[in-house]
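Reading through the structure tokens given below for one structure.
The values are calculated or read from the model by the stated rules, or taken from the named source; none is laboratory data. Just so it is clear, the model here is predicted, and its values are computed rather than measured. Note that each Cβ is placed from the backbone with ideal geometry, even for glycine, and that neighbours are counted across all protein chains shown.
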DNA sequence: CAGTGGTCTAGACCACCGA
DNA sequence: CGGTGGTCTAGACCACTGG
């Protein structure tokens, strides 16, 4: 691994990571300055700077202008959680994705929805309820409200061919998204559609997306706890 | 925002993001080449390169050497999920953190643990069970096994003063970690300690960490579904 | 003040892609 | 082949930190 032709900045990164994961440099310890490393590796400072900048982005070191670079307090392990379109997620696993359309209808914003969408109560919204199957097994119940101002054609979409996520990303360019993941219980109707028992635990993600001036969409995604999990890896 | 003194590479990034989020450039469209942007902004190519490189890391664009840069298929919304030390997480919210030590004991690896730790069944491990309270309310039950080879002093730690996460990061430098988040039910004893009803849904995270040659630790973290969630934001 | 990192330049060579 | 991005250099000026 250290033998193959490796860009200079990668070698610097690998060196620093080796010192840390071997315990030679510990959290809070100072890392040699850019000019020191520049001389040690006989490379230009820009190259050292790139290496250290990337390590800072990865959370491996902390840099303070004027002060220096120190090994990060690794009490923060950060990884990337990818929120993906369910169709891609399933097909990438090599499985078949199918959708059952349970509801496609106009709706009116109640007080809670009005707050989420930042509109007046009673404003017209679109509402869809879809069930996503992975190899015929129910894996996600998607209950979604969409702002007509952001995606006027939403109710006309053929949801057997296009997922809401995919359609919205295409027609309401994303500017912001926020999500929350928690454990909850399925309601009676949710349980029936997901073919689980009422009272079975579910992983519930609520997600809202902003497109330009509008809150475009608010979705509640319910997954059977036994058939779904979020996974990730962090590698120093 | 565009008015303040902004580094040149940030201006380039902002420009590209504006084109995308306004819908002018759509997923799959080509982005001007580095030399084109260099001339447009009257800056050096290194600076353009930095901007585009960062956008690629953020997942906003996709670059292929020799081919060019295109607007990424945004079907992948990626955000950062920070796995933090619970003590920091709680104190940062301005609350008090306390720990109840329920078990600190040696244990022997059964078949499942042996597989996780990549050791022979029957190998000696350390076992702790801790309950974490946020302002006196139970928020996480931490059931953890630790490899003595990676942290020989583990059983001697005062867990009222130091969290296992913090101790392990200090004494068994982290090289890799992986996690899984799912919904589950509390066992009878878990429910009793968390002061919830049996059958209440819980967010369960299992996490294993690798330190150098050893699998250092395997933990099951159970959170009452009603009192805990993971949250995140993605901003273009 | 000297030392640090943050940014930037104007070149350069290379590997790769598509025509 | 020309154009693309990937990497690298040897300088430079700046803002910030610490003593």
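Which of the residues belonging to the stretch A:28-38 are buried (at least 16 other Cβ atoms within 10 Å of the Cβ) and either away from DNA strand C (no atom under 11 Å from the Cβ) or assigned to a helix (DSSP H, G or I) (or both)? Full working, then the answer.
Within the stretch A:28-38, the first condition is being buried (at least 16 other Cβ atoms within 10 Å of the Cβ), and the residues that meet it are A:31-32, A:34, A:37-38.
Within the stretch A:28-38, A:34, A:37, A:38 meet the criteria.
Within the stretch B:50-67, track down each residue that is buried (at least 19 other Cβ atoms within 10 Å of the Cβ) and within 17 Å of residue B:234 (Cβ to Cβ).
B:55, B:60, B:61
Please work out which one of (1) within 30 Å of the chain's Cα centre (by Cα); (2) assigned to a loop (DSSP other than H, G, I, E, B) is the condition residue B:25 fails and give its number.
In the conditions (1) within 30 Å of the chain's Cα centre (by Cα); (2) assigned to a loop (DSSP other than H, G, I, E, B), residue B:25 misses (1) alone.
Quick one: residue A:18 ticks every box in (1) within 15 Å of DNA strand D (Cβ to nearest atom); (2) out of contact with any helix residue (DSSP H, G or I) (no Cβ under 7 Å at 6 or more places or on another chain); (3) at pLDDT 85 or above; (4) farther than 24 Å from residue B:87 by Cβ bar one, so which box is it?
Among (1) within 15 Å of DNA strand D (Cβ to nearest atom); (2) out of contact with any helix residue (DSSP H, G or I) (no Cβ under 7 Å at 6 or more places or on another chain); (3) at pLDDT 85 or above; (4) farther than 24 Å from residue B:87 by Cβ, the lone unmet condition for residue A:18 is (1).
Given the residues B:203, B:168, B:194, which is the only one that is at the interface with chain A (Cβ under 8 Å from one of its Cβ atoms) and buried (at least 21 other Cβ atoms within 10 Å of the Cβ)?
Numbers: B:168 fails: at the interface with chain A (Cβ under 8 Å from one of its Cβ atoms); B:194 fails: at the interface with chain A (Cβ under 8 Å from one of its Cβ atoms).
Residue meeting the stated conditions: B:203.
So, residue B:179, is that one under 30 Å from residue A:204 (Cα atoms) and within 12 Å of chain A (Cβ to nearest Cβ) or not? Steps first, please.
Details: under 30 Å from residue A:204 (Cα atoms): yes; within 12 Å of chain A (Cβ to nearest Cβ): yes.
Here the answer is yes, as residue B:179 does meet what is asked.
I need every pair where a residue in the stretch A:25-49 that is more than 18 Å from residue A:6 (Cα to Cα) has its Cβ under 7 Å from the Cβ of a residue that is near DNA strand D (Cβ under 9 Å from one of its atoms), sequence separation at least 6 or different chains.
A:30/A:68; A:33/A:68; A:34/A:45; A:34/A:48; A:34/A:49; A:35/A:45
Condition check ((1) part of a helix (DSSP H, G or I); (2) at pLDDT 85 or above; (3) facing chain B (nearest Cβ under 9 Å); (4) more than 16 Å from DNA strand C (Cβ to nearest atom)) across all residues:
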{"position": "A:40", "(1), (2), (3), (4)": "yes, yes, no, no"}
{"position": "A:48", "(1), (2), (3), (4)": "yes, yes, no, no"}
{"position": "A:63", "(1), (2), (3), (4)": "no, yes, no, no"}
{"position": "A:83", "(1), (2), (3), (4)": "no, no, yes, yes"}
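Taking residue A:92 as meeting all but one of (1) away from every other protein chain (no Cβ under 14 Å); (2) more than 16 Å from DNA strand D (Cβ to nearest atom), write down the number of the exception.
(1)
Please verify whether residue A:44 is more than 29 Å from residue B:151 (Cβ to Cβ), within 8 Å of DNA strand C (Cβ to nearest atom) and out of contact with any strand residue (DSSP E or B) (no Cβ under 8 Å at 6 or more places or on another chain), treating the condition exactly as stated.
no
Filtering the stretch A:28-54 down to residues that are within 14 Å of DNA strand D (Cβ to nearest atom) and closer than 24 Å to residue B:167 by Cα, which residue is nearest to the chain's Cα centre (by Cα)?
Initial filter on the stretch A:28-54 (within 14 Å of DNA strand D (Cβ to nearest atom)): A:28, A:30, A:33-35, A:37-54.
From what's left, closer than 24 Å to residue B:167 by Cα: A:28, A:30.
Working: A:28: 30, A:30: 33 Å.
Among those that are within 14 Å of DNA strand D (Cβ to nearest atom) and closer than 24 Å to residue B:167 by Cα, it is A:28.
Going residue by residue through the stretch A:86-93, is there one that turns out to be buried (at least 17 other Cβ atoms within 10 Å of the Cβ), at pLDDT 90 or above and more than 22 Å from the chain's Cα centre (by Cα)?
no
Among the residues of the stretch B:185-201, is there at least one that is out of contact with any helix residue (DSSP H, G or I) (no Cβ under 8 Å at 6 or more places or on another chain) and closer than 27 Å to residue A:26 by Cα?
The answer is no; no qualifying residue exists.
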